[in-house]
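Engineer: Sharing a structure, written as structure tokens. Questions coming.
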Amino acid sequence: MTKTHFVYLLTALLLTAGLLVPADRAAAEQLKPFFFVSLSGYDAVVSDLDYVGKLGNNPNLSAAVETLLKAMTQDKGLAGLDKTRPWGLVVLPDEDNPANNVRAFGFLPVTDLAALLEALQGLGVDAEDGPDGSKQLVGENLPPSTFVKQIGAWAFLTNNPDNFKAAPADPAALLGGVEKKYDVALGLVVKNVPEPMKAVFLGQLDMTSQIMAMQQQEMGASAAQITQMIEQVKRYTNEVDTILLGLVINDASGKTYLDVEMTAKPDTETAAEMAEMKHAPSDFTGFYVPEATVTVHGVRKLSPATIAQAMSSVNAMHQGFLQSLEGQGLEPEQLDKAKQLIGELVGVVTKTVEAGRMDLGAAAWLNFDTATLIAGGTIAEPKKLDKTLRDLVAMVTEETPELKNSFKLDAQTLGDVAIHVLSMPAASVDDGGPLAELVGENLEVIVGIGPKSVYLATGRDAMDKLKAAIEASKAAASTEVLPTRASVAVTPLLAFIGKIAPDDETRQQISGVAGVLRMAGDQNHVLVTVEPIPNGMRERIEIEEGLLKTLGVMSQMLSGTLVPAQ
């Protein structure tokens, strides 16, 4: 790392294009930032480095960073910096100067600013005398007007030294406590965004909508989807309260995760939408299988906006299917029949979406020698789906009689679920490819239709896994679960991707990464959950310890501080 790179990293968190502090101290204590960045403190960063380094058998990682820092500052390190308290940057409405809309300032805790500035000289940052006891920072990667001054236990950075007269006594209070909850956090308090800024943003969205309207004929369903997304963003701009991103590394329970929280203003459509993100019973709980390579599950009521977006996607896919059929060289009668069947399937999906409730689950076992998928979900008009499936089989077998024995309608029943099976040699589907190694000699595609549900399964041991999931779902039918949850085992998934990669070079590259990931052992999952919070929802992306261990190993390569395995 060069001196200029370190200076850039050190100041990027603290500086913006126009850093200002509030116009008077009394007003500063009452200001409400609409954007902030917080870092829990230097010691917290060092602790995180220690954690990752120890996982990767590189316990000297933080020490190596400290040594590098001292070497770059002539053995001074970051003298004068209070390493126990948080850093921050806040952006606030500028009520005294509406034309500028905003003002912002960065701050960091210090015990002796003069000592810190002396240490930074080794990094190419010079401090010249400025007005009223301040210092002007001069450096290759610093803005032309950057002033710093210690006020109490804090150093403030600004582009106008006059603003030091009103620095808030405790700028950390403007972070709202997130610096205690997360190692690093970014927050957008939408309700505090100045109205002129909102007006400009909404005007840009309106202009984009008008462009999409003019291109509707050319872009078709895509333009309609973009327009719907724009309308949702506009609604969120007016109805969302706060958006927060927070990262935690090694919390009290040993977990590492990224949170994305969003809250809404009361009595709004967005608030009602988020209120549906709650624990609820599901008919497909058994399809969430933590032991699988990939598994997902969701159950919730759909909002009108979500239904509209889903319908737009369904219509776009329908149009895409119809266009692809046109290029298949089918006879007119065959083409009409195929379009009819696709229309019937789309009709079933449409009715299901319009019912306004999502309840589904899926699991996939994927590895170097395995590929199995099972899925189940609520569906409207199951009898219509069953009839359409039978008509589709009849059309295919009429045109290709040799496939007649491949289809087994009503092959068996699982309780009140009718099972239909398509079976054919895997080699006939993927001549010379890896399919047979993944699923076995025969490829089976299983479709199950119940009184209000549909099931799909394919691959190795698909029938057994489908039965187990259906039975587990019935046993847990009254259990309330999270509205959304997912789990991905990275190591076997990467092995599967390497298996089906199209060329040797790609397979070799993936194999190299997989070799490192194997050190993660069983702790190789990325877990995603969505759960309700007061007035909103939280999505959490958790990374298991084994994956962090691989990051520690990679840090050895980057730092050069390799430690032999014990």
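Engineer: From L392, L466, grab the single residue that is within 30 Å of K301 (Cβ to Cβ), part of a helix (DSSP H, G or I) and among the aliphatic types (A, V, I, L, M).
Structural biologist: Answer to the check: L466.
Engineer: Could you count how many residues in the range 451-465 are surrounded by fewer than 22 Cβ atoms within 10 Å (Cβ to Cβ) and of a type in the set (G, A, S)?
Structural biologist: 1
Engineer: Would a scan of the range 432-452 turn up a residue that is of a type in the set (D, E), within 30 Å of K549 (Cα to Cα), out of contact with any Leu (no Cβ under 8 Å at 6 or more places or on another chain) and free of Cβ contacts under 8 Å to residues at least 24 places away in the same chain?
Structural biologist: The answer is no, given that none of the residues of the range 432-452 is of a type in the set (D, E), within 30 Å of K549 (Cα to Cα), out of contact with any Leu (no Cβ under 8 Å at 6 or more places or on another chain) and free of Cβ contacts under 8 Å to residues at least 24 places away in the same chain.
Engineer: Give the range 128-149 a look and list any residue that's assigned to a strand (DSSP E or B) and surrounded by fewer than 20 Cβ atoms within 10 Å (Cβ to Cβ), or say none.
Structural biologist: Residues satisfying the conditions are E128, D129, Q136, V138.
Engineer: Just checking, does the range 129-139 include any residue being under 23 Å from V45 (Cα atoms) and under 39 Å from the mean Cα position of the chain (by Cα)?
Structural biologist: Taking every residue of the range 129-139 in turn, none turns out to be under 23 Å from V45 (Cα atoms) and under 39 Å from the mean Cα position of the chain (by Cα).
Engineer: Please go through the range 281-314 and pick out each residue that is modelled with pLDDT of 95 or more, aliphatic (A, V, I, L, M) and not in a loop (DSSP other than H, G, I, E, B).
Structural biologist: V294, V296, V299
Engineer: Right, here's the next one. Can you pull out every residue in the range 45-88 that is within 19 Å of A185 (Cβ to Cβ) and surrounded by fewer than 17 Cβ atoms within 10 Å (Cβ to Cβ)?
Structural biologist: Residues satisfying the conditions are V46, S47, K83, T84.
Engineer: Follow-up. Looking at A468, is it closer than 18 Å to T285 by Cα, under 33 Å from the mean Cα position of the chain (by Cα) and surrounded by fewer than 20 Cβ atoms within 10 Å (Cβ to Cβ)?
Structural biologist: Taking the combined requirement at face value, the residue satisfies it.
Engineer: So, one more: Out of G343, G376, I need the residue that is of a type outside the set (V, I, T) and part of a helix (DSSP H, G or I). Which one?
Structural biologist: Just one listed residue meets the conditions, G343.
Engineer: Consider the range 469-482. How many of its residues are in a loop (DSSP other than H, G, I, E, B) and touching a His at 6+ places or on another chain (Cβ under 7 Å)?
Structural biologist: Number of matching residues: 1.
Engineer: Sort out which residues of the range 250-276 are of a type outside the set (K, R) and part of a loop (DSSP other than H, G, I, E, B), and write them in order of number.
Structural biologist: Listed by number, the residues that qualify are N250, D251, A252, S253, G254, P266, D267, T268, E276.
Engineer: Let me ask another. Tell me, yes or no, whether the range 373-395 has at least one residue that is in contact with a Leu (Cβ under 6 Å, 6 or more places away or on another chain) and at pLDDT below 90.
Structural biologist: No, that holds for no residue.
Engineer: Can you tell me which residue in the range 423-461 is nearest to F496 (Cα to Cα), limited to those that are at pLDDT 95 or above and of a type in the set (A, V, I, L, M, F, W, C)?
Structural biologist: That would be A457.
Engineer: Could you tell me whether P161 is more than 20 Å from D241 (Cβ to Cβ), surrounded by 17 or more Cβ atoms within 10 Å (Cβ to Cβ), in contact (Cβ under 8 Å) with a residue 24 or more places away in the chain and not charged (D, E, K, R)?
Structural biologist: Yes; evaluated as a whole, the condition is true for this residue.
Engineer: Please go through (1) at pLDDT 90 or above; (2) β-branched (V, I, T); (3) crowded, with 17+ Cβ neighbours inside 10 Å for V260 and return the number of the only condition it doesn't satisfy.
Structural biologist: Failing condition for V260: (3).
Engineer: List pairs: first residue in the range 337-355 and among the small types (G, A, S), second residue assigned to a helix (DSSP H, G or I) anywhere in the structure, Cβ distance under 7 angstrom, at least six positions apart or on different chains.
Structural biologist: Qualifying pairs under 7 Å: A338/L325.
Engineer: Another one. Please verify whether the range 282-305 includes one or more residues that are in contact (Cβ under 8 Å) with a residue 12 or more places away in the chain, surrounded by fewer than 17 Cβ atoms within 10 Å (Cβ to Cβ) and among the aliphatic types (A, V, I, L, M).
Structural biologist: The answer is yes; a qualifying residue exists.
Engineer: Would you be able to tell me the number of residues in the range 147-180 that are in contact with an Asp or Glu (Cβ under 9 Å, 6 or more places away or on another chain) and not acidic (D, E)?
Structural biologist: Summing the residues that are in contact with an Asp or Glu (Cβ under 9 Å, 6 or more places away or on another chain) and not acidic (D, E) in the range 147-180 gives 13.
Engineer: State which residue is nearest to A104 (Cα to Cα) when the search covers only the range 181-210 and only residues that are at pLDDT below 85, surrounded by 13 or more Cβ atoms within 10 Å (Cβ to Cβ) and polar (S, T, N, Q).
Structural biologist: T208
Engineer: May I pose another question? Restricting the search to the range 403-431, which residues are in a loop (DSSP other than H, G, I, E, B) and either closer than 24 Å to K384 by Cβ or touching a residue at least 60 places away in the same chain (Cβ under 8 Å) (or both)?
Structural biologist: Result: G415, D416.
The values are calculated or read from the model by the stated rules, or taken from the named source; none is laboratory data. Computed from a predicted structure; not experimentally measured. Quick reminder, even Gly has a Cβ in these numbers, built from the backbone with ideal geometry, and neighbours come from all protein chains shown.
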